[in-house]
Amino acid sequence: MSRGFGGNRRRVPDEVADRIPPGQYLERGFPVLTAGPTPEVDTATAWSFAIDGMVGAKQRWSWEEFGELPHEDVACDIHCVTKWSKLDAAFRGVSLDVLLEAAEPLEPFATAYCFGGYTTNLAIEDLTDGRAWVATSYEGEPLPREHGGPARLLVPHLYFWKSAKWIAGLRIGDHDEPGFWEANGYHNRGDPWKEERYWTD
Ligand SMILES: Nc1nc2c(c(=O)[nH]1)N[C@H]1C(S)=C(S)[C@@H](COP(=O)(O)O)O[C@H]1N2
Ligand SMILES: [Mo]
């Protein structure tokens, strides 16, 4: 029995059903989810992006230097563990393949750290092969501050808590250390297609 036909805004339209992971609903807006205050990071005086820790060649780019790196458009679907999914989000940024190639990681794990103190852990395997970016624009405009501007990590194949806003750098290491949400009960990896929401999943 299908009660309330037409009245359920969480019904997933058939034409996009295969793009919505299990347990998710289609969101047309772009909700803001931030634990704590929204940092303000001045690109001229305060912003840089670093790759440090166990690497062959430590890197730090100023905003101006970062702007000279090759950028690409990224159209992607994003999935938040709070169950909304947004299709065809249009970002622009620098591929982690480019950034990591410069830094030469020597070990397999990374912690993304941010202005404001948020962290999240990722395997380098999940940051390479054209699947992760440091994004600086959204829908053709500078990335809005509430969505992580000046720059955020974008790892659309994992739940969106891995896409660290106001990213300041990646620290490479030899062991996998839980970040902010991972230490508070979220899954260590967070694959939306496997519904890896909580550490018990
Ligand atoms: N620095 C920082 N990054 C963060 C968060 C945060 O609180 N601080 N929240 C995460 C969570 S839980 C989600 S779902 C997404 C939300 O991104 P949005 O606000 O652009 O939708 O950002 C992730 N990145
Ligand atoms: Mo989230």
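Just so it is clear, none of the values below were taken in a lab; they were calculated from the coordinates. Everything quoted here is computed from the prediction, not taken from an experiment. Neighbour counts are summed over all protein chains in view; Cβ atoms, including those assigned to glycine, are modelled from backbone coordinates with ideal geometry.
Sort the chain into rounded, prolate or oblate with this rule: let a ≥ b ≥ c be the square roots of the eigenvalues of the Cα gyration tensor; rounded if a/c is under 1.5, and if a/c is not under 1.5, prolate when a/b is larger than b/c, oblate otherwise. Prolate, because a/c is 1.5 or more and a/b exceeds b/c.
Packing around the peptides 143-151, 103-111, taken as the average count of other Cβ atoms within 10 Å per residue, puts them in this order, highest first: 143-151, 103-111.
Summed over qualifying helices (DSSP H, 4 residues or more, each -39500 (n - 2.57)) and divided by its residue number, the chain shows a 222 nm mean residue ellipticity of -1500 deg cm²/dmol.
Going by the alpha-carbon gyration tensor, a ≥ b ≥ c the square roots of its eigenvalues, is segment 11-92 rounded (a/c under 1.5) or, if a/c is not under 1.5, prolate (a/b greater than b/c) versus oblate?
Working: a/c = 2.43, a/b = 2.06, b/c = 1.18.
Since a/c reaches 1.5 and a/b is larger than b/c, the shape of segment 11-92 is classed as prolate.
The mean sequence distance of close C-alpha pairs (under 8 Å, at least 6 residues apart), as a share of the length of the chain, puts its relative contact order at 22 percent. With a cut-off of 10 Å between beta carbons, the residues surrounding Arg131 carry a summed charge of -4, where Lys and Arg count +1 and Asp and Glu -1. For the options Pro156, Pro142, Pro37, a Gaussian network treatment of the chain with springs between C-alpha atoms closer than 10 Å singles out Pro37 as fluctuating the most. Listed peptides 84-93, 44-53 appear in the order 84-93, 44-53 once ranked by packing, highest mean of other Cβ atoms within 10 Å at the front. Can you tell me how segment 34-79 classifies by the Cα gyration tensor, rounded, prolate or oblate, using a/c under 1.5 as the rounded cut? Rounded shape, in that the Cα axes give a/c under 1.5.
For the peptides 181-189, 25-33, residues were scored by their other Cβ atoms within 10 Å and the scores averaged per peptide; the highest-first order is 181-189, 25-33.
In segment 15-116, Cα pairs under 8 Å separated by at least six residues give a relative contact order of 32 percent.
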